[in-house]
Amino acid sequence: MKPRHQRMIAIAAGVALIAIAAALVLNAFQGNVVFFFSPSQVAAKEAPLDRTFRVGGMVEQGSLKRRADGLTVDFVVTDTAKTIPVVYSGILPDLFKEGKGVVAQGKLGPDGAFHASEVLAKHDENYMPPEAAHALSKAEADRAAKSVISPGGTR
Amino acid sequence: MKRFLWPLGIFILLVGFLAVGLTLKPREVPSPLVGKPAPAFDLPVLHQPDKRFVPGEMRGKVWLLNVWASWCVSCREEHPVLVELAKRGVMPILGLNYKDKGDEATAWLKRFGDPYQLSVVDADGRIGIDYGVYGVPETYLIDAEGVIRFKQIGPLTMAIVEQKVLPLAKALQK
Amino acid sequence: MIPEIGNFALIVALAIALAQAALSLTGAARRIPAFVAVARPAAQGQFVFVAAAFGCLAWSFYSNDFSVLNVASNSNSSLPAAYRIAATWGSHEGSLLLWVLMLSAWMLAVSVFSGSLPADMLARILGVMGLINVGFLSFMLFTSNPFDRLLPAAADGRDLNPLLQDIGMIFHPPMLYMGYVGFSVAFAFAIAALLDGRLDATWARWSRPWTTAAWVFLTLGIALGSWWAYYELGWGGWWFWDPVENASFMPWLIGTALIHSLAVTEKRGAFKAWTVLLAIIAFSLSLLGTFLVRSGVLTSVHAFATDPKRGIFILAFLAVVIGGSLALYAWRMNKVAPGARFELLSRESMLLANSVLLVVACAAVLLGTLYPLFLDALGLGKISVGPPYFDSVFAPLMAPAVLLAGIGPLLAWRKGDGAQLARRLRWAAIVALIGALFLPLAFGRWAALTSVGLLLAFWIISGAVTAFIIRYRMKTSMSAAFFGMLLAHAGIGVFIVGVTLVKSYETERDLRMEPGDTAMLGGYSFRFEGVREVRGPNYAAARGAITVQRDGETIARLAPEKRTYFVQRNPMTEAAINAGISRDIFVALGDAVGGDAWTVRIHIKPFIRWIWFGCLMMAFGGLLAASDRRYRIAARRPEDASAADATLIRSGAA
């Protein structure tokens, strides 16, 4: 084979590889990027009905209840403006606590509750998942905009 | 040849994104309590266990509520700032002694100085839950109507006091 | 007093690093022998002072000196001694000191083992490494000094994060950092060669064993981390595609590409531009990983405390080091002569294709890791990219790489013989196909993906075995490097067997169990005997007792724990594992759910140990390759290198 032909083949292979990789990446992004919504956004019906997404905020005080089977738990996630009930079946992470930040991943059920397939809490007790923090700060900002005196200074 | 410049170009783009990412500060923890009335409590006073204190007694004043404990390392870091603030007498500082033992707490104050007008005892941390305490120390600025106006998670520093707490307190005192 | 000595030692080390970088780089550029001569003693002195500082910090931890803020925040008097010492690198500050210690250790090694390097080359290499150390030492001294005092002293410390109180955590960070930081050697070699203009086979030969050694440590470090996550996090997973994991995995991928590309540059003088670029990228990704973990830009399960100010510092450092070296690359690379030609079917082209695949896979991982950040930076919403993304992109990109890795060792350099290759691989292909098609039936469930996974695994293993047999029959002596390569390839096969079988046949159940309850999973019965309270040195725990039986025979009594550490007061799940070659039984306690009942999670993980065993094989293969006699001989007689090149090409796989 002539060197020029070899070069062409090499370039063609490289382009094909990049095209395949790009197709794989785009395809995977389409199916596997999980969007995040706050309870307020869910209440405003911004969240999708048929897709997995994440919801974050704080676990409301006193809302954690265990069903009779011992495995299924119900709790309420709040961003202090709106709340959303969450159902989860399985073992909760070590640092899951009422009054602490949490992120749940799952789908919205026809009953209006969020059916979580995964509940995430973090390893550090003083840490709040950034998505949960984001939800709380947004709700707070909305409230601040409405109140007469700006609370200010928190950010 | 230009093709050797490609890696540099891609890298510069990446650095741009990372720089923007840094300014987003994903870890800043907001408080849902700011702008809300400070949760009520009725707790014993550290130095006079037979006396009790309710936040309503502070009505009409702008004051600081500082959550502290003798076992907390960062509190020690923060303590000189509180002592200094108390010395200036801008506003009363009250302590919420969180999940602590009484004798250790009084010994701690004796050793490092007591900036507090008084400290209340939250031995089992229940009031801490109402206040959404993430970790000790935390500090709340409460206005004359009993509304939380500012919350500091983690130790106060002189910079935070000068730039945030004092200006806000002055505005609220007017 | 001890912490002050440590602090002082760090300042002295910074001064030496500055002098080393400035003098040896100008010395080499302006040909001033006195300056060039500084490099070696400076590197060794730097190591002494950094080691002294590290010793001081370790001593402060060991002796419970709670007047040191770092000790007070990360240790406790009730912490067992081994963990007190491991706590030295458990914090942000301490892990930076470990980073610097590792860099100094690599510098020491280079200064000791490179006796035959030309003096100006060595000066350039040590100068570049000294420059990196300047950055890290000043980062530490200015933003995160491990010796900061806490006055008055604390009565006791806040304790080490319970997750880190574990044997895996004692060894994982040093190993990982050895690997991470080890790529700085390859980087320094590349930059030195760029500055010098001598990008040739000799350069590749010098740089090869160092790169392989760093790769070995990184492989071990990642494997240890994965093993730790498996038994300590209590989720039974072994890889989460978490940003912090990706941060260590990306340099590994590029490092793998680099050691293969270096082979071509050494033997055939080709791919120079590509090899240099890979060396720069490998270390850049190590730095980027440090940035991602330490700046808090990305969040992950490894949520250690972070600080934006530190992030700005590292980002600036990153921009200077990587930007500078890429600019140097663009400027200098034009003048480099092209390498030797090769045919499309040759070992060169296989190695090139492999390293390109590895780089593309790494880019896909990088994109997935940073994509949430990009969207956030552009204000397009908050998202997360989950493990399915990485699985579905990474596996298809790696599959052809694995196929090629089975063929590569059987092809000759420059021009391969297609007919001969087909003959040689006939048996390997038949074995792999039959095994892959029928083995899943033994597990009772056939699935196409399982077969594909096994096919790849058997293909690469039987390819390595075939290459071994051919070499053996030819009665030519097999170099340690060649055998190491085959072993590492077989290790990939073992690893893939583990991954495929775990993914295909793992089972798990979450249960609510009362004492006396029995549950069945995967042919095993699990009887929950109840929970009792136990006390450890610095924690109290609820310890469950679970008897595992198969066909009426007791196989194991497992004791998973739910611990509460006294100081930090967080619950911690401590899983109990019955390990075996063909399966692990994994049991974790959930919560008490009223009465004596508990929630319990049971996993059966078939062949999961093969994952880490495969990694061990890869690391051991790398070790053999790095210790090949050839490098020592070549290092002693660099003038013979071109002659050696010729013989090696002749004695190659042909």
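The values are calculated or read from the model by the stated rules, or taken from the named source; none is laboratory data. Every value quoted in this text rests on a predicted model; they were computed, and no experiment measured them. Heads up, the Cβs are rebuilt from the backbone with ideal geometry, glycines too, and the neighbour counts pull from every protein chain shown.
May I ask you to verify whether C:Ala105 is of a type outside the set (D, E, K, R), in a helix (DSSP H, G or I) and farther than 22 Å from C:Phe217 by Cα? Here the answer is no, as C:Ala105 does not meet what is asked. The single residue among C:Gly379, C:Gly386, C:Gly416, C:Gly339 that is touching a Leu at 6+ places or on another chain (Cβ under 6 Å) and modelled with pLDDT under 85 turns out to be C:Gly416. Can you name every residue in segment A:1-30 that is exposed (fewer than 13 other Cβ atoms within 10 Å of the Cβ), part of a helix (DSSP H, G or I) and modelled with pLDDT under 80? Of everything in segment A:1-30, those that are exposed (fewer than 13 other Cβ atoms within 10 Å of the Cβ), part of a helix (DSSP H, G or I) and modelled with pLDDT under 80 turn out to be A:Pro3, A:Arg4, A:His5, A:Arg7, A:Gln30. Being in contact with an Asp or Glu (Cβ under 6 Å, 6 or more places away or on another chain) and of a type in the set (D, E, K, R) is a description that does not apply to A:Lys45.
Only one of C:Leu425, C:Leu411, C:Leu403 is in contact (Cβ under 8 Å) with a residue 40 or more places away in the chain, more than 11 Å from chain A (Cβ to nearest Cβ), closer than 15 Å to C:Ile492 by Cα and aliphatic (A, V, I, L, M). Can you tell me which? So that I can check it myself, show each step before the final result.
Details: C:Leu425 fails: closer than 15 Å to C:Ile492 by Cα; C:Leu411 fails: closer than 15 Å to C:Ile492 by Cα.
Testing whether each residue is in contact (Cβ under 8 Å) with a residue 40 or more places away in the chain, more than 11 Å from chain A (Cβ to nearest Cβ), closer than 15 Å to C:Ile492 by Cα and aliphatic (A, V, I, L, M) leaves just C:Leu403.
As for segment C:50-57, it holds at least one residue that is buried (at least 19 other Cβ atoms within 10 Å of the Cβ), touching a residue at least 12 places away in the same chain (Cβ under 8 Å) and farther than 17 Å from C:Val181 by Cβ.
One residue alone among C:Leu380, C:Leu358, C:Leu344 is part of a loop (DSSP other than H, G, I, E, B) and either in contact with a Cys (Cβ under 9 Å, 6 or more places away or on another chain) or away from chain B (no Cβ under 14 Å) (or both), and that residue is C:Leu344. Taken over segment C:236-256, residues that are within 14 Å of another protein chain (Cβ to nearest Cβ) and touching a residue at least 60 places away in the same chain (Cβ under 8 Å) amount to 9. Summed over segment B:110-122, residues that are more than 13 Å from chain C (Cβ to nearest Cβ) and not β-branched (Val, Ile, Thr) total 7.
For segment C:147-195, give me each residue that is within 30 Å of B:Pro80 (Cβ to Cβ) and among the charged types (D, E, K, R). Spell out the reasoning first.
Residues of segment C:147-195 that are within 30 Å of B:Pro80 (Cβ to Cβ), as a first pass: C:147-161.
Scanning segment C:147-195 gives C:Asp148, C:Arg149, C:Asp156, C:Arg158, C:Asp159.
Select the helices (runs of 4 or more DSSP H) contained entirely in segment C:1-92, then report the ones holding at least 1 residues which are touching a Phe, Trp or Tyr at 6+ places or on another chain (Cβ under 8 Å) and hydrophobic (A, V, I, L, M, F, W, C).
Hits in segment C:1-92: C:2-30, C:39-62, C:69-74, C:81-86.
For the condition assigned to a helix (DSSP H, G or I) and either surrounded by fewer than 24 Cβ atoms within 10 Å (Cβ to Cβ) or under 14 Å from the mean Cα position of the chain (by Cα) (or both), C:Gly179 qualifies. Within the set C:Arg557, C:Arg527, the sole residue that is among the charged types (D, E, K, R), in a strand (DSSP E or B), touching a Ser or Thr at 6+ places or on another chain (Cβ under 8 Å) and exposed (fewer than 15 other Cβ atoms within 10 Å of the Cβ) turns out to be C:Arg557.
Going through C:Ala86, C:Ala19, C:Ala82 one at a time, which residue ends up being hydrophobic (A, V, I, L, M, F, W, C) and either under 30 Å from C:Ser114 (Cα atoms) or at pLDDT 95 or above (or both)? Don't jump to the end; show me each part of the working.
Values: C:Ala86 fails: either under 30 Å from C:Ser114 (Cα atoms) or at pLDDT 95 or above (or both); C:Ala82 fails: either under 30 Å from C:Ser114 (Cα atoms) or at pLDDT 95 or above (or both).
Selected residue: C:Ala19, the only one of C:Ala86, C:Ala19, C:Ala82 that is hydrophobic (A, V, I, L, M, F, W, C) and either under 30 Å from C:Ser114 (Cα atoms) or at pLDDT 95 or above (or both).
Going through segment C:430-442 one residue at a time, which ones are more than 30 Å from the chain's Cα centre (by Cα) and either loosely packed, with under 14 Cβ neighbours inside 10 Å or under 19 Å from C:Asn354 (Cβ atoms) (or both)? Passing the criteria: C:Ile430, C:Ile434, C:Leu437, C:Phe438, C:Leu441, C:Ala442. Inspection of segment C:147-166 finds a residue satisfying the criterion of being surrounded by fewer than 22 Cβ atoms within 10 Å (Cβ to Cβ), away from chain B (no Cβ under 14 Å) and assigned to a loop (DSSP other than H, G, I, E, B).
Within segment C:58-72, being of a type in the set (S, T, N, Q) and surrounded by 23 or more Cβ atoms within 10 Å (Cβ to Cβ) holds for C:Ser60, C:Asn70.
Could you grab me the full set of residues in segment A:65-84 that are surrounded by fewer than 16 Cβ atoms within 10 Å (Cβ to Cβ) and within 22 Å of A:Val42 (Cβ to Cβ)?
First pass over segment A:65-84, keeping only residues surrounded by fewer than 16 Cβ atoms within 10 Å (Cβ to Cβ): A:65, A:67-69, A:72, A:74.
Within segment A:65-84, A:Lys65, A:Thr72, A:Asp74 meet the criteria.
If you check A:Val73, A:Val55, A:Val86, A:Val103 for being aliphatic (A, V, I, L, M) and more than 12 Å from every other protein chain (Cβ to nearest Cβ), only one passes: A:Val86.
Residues are listed down the side, and each one gets a yes or a no for (1) over 20 Å from the mean Cα position of the chain (by Cα); (2) polar (S, T, N, Q); (3) modelled with pLDDT of 80 or more; (4) more than 30 Å from C:Phe317 (Cα to Cα):
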position: B:Val34; (1), (2), (3), (4): no, no, no, yes
position: B:Leu43; (1), (2), (3), (4): no, no, yes, yes
position: B:Gln48; (1), (2), (3), (4): yes, yes, yes, yes
position: B:Lys51; (1), (2), (3), (4): yes, no, yes, yes
position: B:Trp63; (1), (2), (3), (4): no, no, yes, yes
position: B:Ser70; (1), (2), (3), (4): no, yes, yes, yes
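The set of residues from segment C:393-410 being under 13 Å from C:Ser346 (Cα atoms) and of a type in the set (Gly, Ala, Ser) comprises C:Ala405, C:Gly408. Of the residues making up segment C:561-597, those that are in a loop (DSSP other than H, G, I, E, B) and β-branched (Val, Ile, Thr) are C:Val567, C:Ile581, C:Val593.
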